[in-house]
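Have a look at the structure below, then the notes.
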Amino acid sequence: MTPLLEVRNLSVAYGAIEAVRDVSFVVEPGQIVSLIGANGAGKTTTLRTISGLLRPRSGEILFKGKPIHKQPAHETLANGIAHCPEGRRLFGRMTVEENLQLGAYVRRDTGVEADMKRVYDLFPVLGERRHNKAGLFSGGEQQMLAIGRAMMSKPTLLMLDEPSMGLSPIMTQRIFDTIKELQAAGTTILLVEQNALAALALSDHGYVVDLGTTTLDGPGHDLLANEGVRAAYLGEG
Ligand code: ATP
């Protein structure tokens, strides 16, 4: 089977700083795959390169078997990859509904209203506050809206960068439950998380990224049981 996403020997630099070095991983259709690792390991840079916001120095990115690393970001989105960035990047002066509509701007089909309803079913608080400005929301509500906005492009692959950042434990659990629900509804997920415990518990497969390169991978539960992973990323040892 062709993987949905294949990153091959990817290297990305900011001028002289090589942020990603020879990273390779695959995401199979229907999986939740997580990239875990310390601050500055290169996870965000990897997602931004898949999105088409950055260009690789070398290596390849294939989506459904076709190279996408030279394609502009709007084409990558239209092809089915949505990116929910770190820090949410919502339009604070726009309402919930306007933010969701922006998420659907690449679509030409007539299902936008139905999908907005789906977001409101998943996150009722967004439906209740659909005419309120996003900038007034709590961190957890903003994260729900950022995920909802990414869902509005109807992605085949949804990339989430640090969705639990700054959230309370209860809200973090809610967001991770939602990620499972999205998978059950057919969306493939690529997750970047510093909360390695929660991410690996949820993931079909995980990759450890260290100093710009992938050092270890395996099924989420195997990595959770790995002593090196536990010592380095789960605060044990
Ligand atoms: P975090 O969780 O903090 O976002 P990360 O694993 O996602 O960490 P990146 O943000 O991809 O890591 O950063 C990888 C490396 O690239 C770091 O050394 C960082 O300082 C550097 N870097 C990131 N963005 C830039 C930039 N715009 N210009 C220069 N260097 C950058």
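Report the Stokes-Einstein translational diffusion coefficient (µm² s⁻¹, integer) for region 11-148, Rh taken as the Kirkwood radius over Cα pairs, at 20 °C with viscosity 1.002 mPa s.
Working: Rh = 16.9 Å.
This corresponds to a translational diffusion coefficient of 127 µm²/s.
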If you average the sequence gap of Cα pairs under 8 Å that are 6 or more apart and divide by the length of the chain, what percent do you get for the contact order?
-> 27 percent
Pulled fully out, how much extra length does the chain show between K117 and L234, if you take 0.36 nm times their separation in residues and subtract their Cα-Cα distance?
-> 38.4 nm
Between S138 and A185, how many nm apart are label points set 7 Å from Cα along the C-beta direction?
-> 2.2 nm
What is the set of long-range amide H partners of H83 at a cut-off below 5 Å, with H atoms built 1.01 Å from backbone N?
-> M159
Residues whose placed amide H lies under 5 Å from that of G218, excluding near-sequence neighbours | G206
When the Debye formula is applied to the Cα atoms of region 193-237, each taken as the same point scatterer, what base-10 log of I(q)/I(0) results at q = 0.25, 0.28, 0.32 Å⁻¹?
-> -0.87, -1.08, -1.33
Leaving out ligands, DNA and RNA but keeping every protein chain, what accessible area does E181 have, in Å² rounded to the nearest 10, with a 1.4 Å probe?
-> 90 Å²
Mind giving me the FRET efficiency for M94 and R55? R0 is 35 Å, r the Cβ-Cβ distance, nearest 0.05 is fine.
-> 0.70
Helix-only [θ]222 nm of the chain, DSSP H runs n ≥ 4, -39500 (n - 2.57) each, per residue, nearest 500 = -10500 deg cm²/dmol
Any chance you could look up the accessible area of R21 with a 1.4 Å probe, heavy atoms only, rounded to 10 Å²?
-> 90 Å²
Residues whose built amide H sits under 5 Å from the amide H of S24, excluding neighbours closer than 5 in sequence, are N9, L10, T214
Accessible area in the full protein assembly, largest first, 1.4 Å probe, for Y105, Y233 = Y105, Y233
Karplus 3J(HN,Hα) series, Hz, for region 186-196 with 6.51 cos²θ - 1.76 cosθ + 1.60 (x for Gly, Pro) = x, 8, 8, 10, 10, 10, 10, 8, 8, 7, 5
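Over region 85-153, what percent of the accessible surface lies on carbon and sulfur atoms, probe 1.4 Å? Could the numbers behind the result be given before it?
On the way: 1810 of 3520 Å².
Taking all protein chains in place, region 85-153 shows 51 percent carbon and sulfur surface.
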Looking only at aspartates and glutamates whose Cα falls under 16 Å of K180's and that sit 8 or more positions away or on another chain, we get E28, D121, D161, E162, E193, D204
From largest accessible area down, sort R89, R107, R55, R129; use a 1.4 Å probe on the protein chains.
-> R89, R55, R129, R107
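Can you give me the orientation-averaged projected area of the convex hull built on the Cα atoms of the chain, in nm²?
Details: hull surface 51.0 nm².
Computing the convex hull of the Cα atoms and averaging its projections yields 12.8 nm².
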Using θ = phi - 60° and the Karplus form 6.51 cos²θ - 1.76 cosθ + 1.60, what ³J(HN,Hα) does each residue of region 154-162 get, whole Hz, x for Gly and Pro?
-> 6, x, 7, 10, 10, 9, 10, 9, 6
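In debye to the nearest 20, how big a dipole does the chain give about its Cα centre with +1 on each Lys and Arg Cβ and -1 on each Asp and Glu Cβ?
Details: 24 positive and 26 negative charges, 173 e Å.
In debye, rounded to 20, the chain gives about 820.
Evaluate the relative contact order of region 85-153 (contact order divided by residue number), counting alpha-carbon pairs under 8 angstrom at least 6 apart; express in whole percent.
Relative contact order for region 85-153 comes out at 53 percent.
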Step through the residues of region 63-72 one at a time and calculate ³J(HN,Hα) from phi using the Karplus curve (6.51 cos²θ - 1.76 cosθ + 1.60, θ = phi - 60°), rounding each to whole Hz and writing x for Gly and Pro.
-> 10, 6, x, 10, x, 10, 6, 10, 8, x
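Per residue, how big is the convex hull around the C-alpha atoms of region 85-153? Give it to me in cubic angstrom, could you? If you can, show how the numbers build up before the last one.
On the way: hull volume 5.0 nm³, N = 69.
Each residue corresponds to 73 Å³ of Cα convex hull volume.
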So what does K133 come to for accessible area, using a 1.4 Å probe and Å² rounded to 10?
-> 100 Å²
Along the Cα-to-Cβ line of D222, 7 Å from the Cα, sits a label point; which residues in region 170-206 have backbone N less than 16 Å from it?
-> 200-206
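The values are calculated or read from the model by the stated rules, or taken from the named source; none is laboratory data. Fair warning: this is a prediction, and the values are worked out from it, not measured in the lab. Virtual Cβ from ideal backbone geometry, glycine too; neighbours counted across all protein chains shown. Note: areas computed on protein heavy atoms with side chains; ligands, DNA, RNA excluded. Shrake-Rupley method; radii C 1.70, N 1.55, O 1.52, S 1.80 Å.
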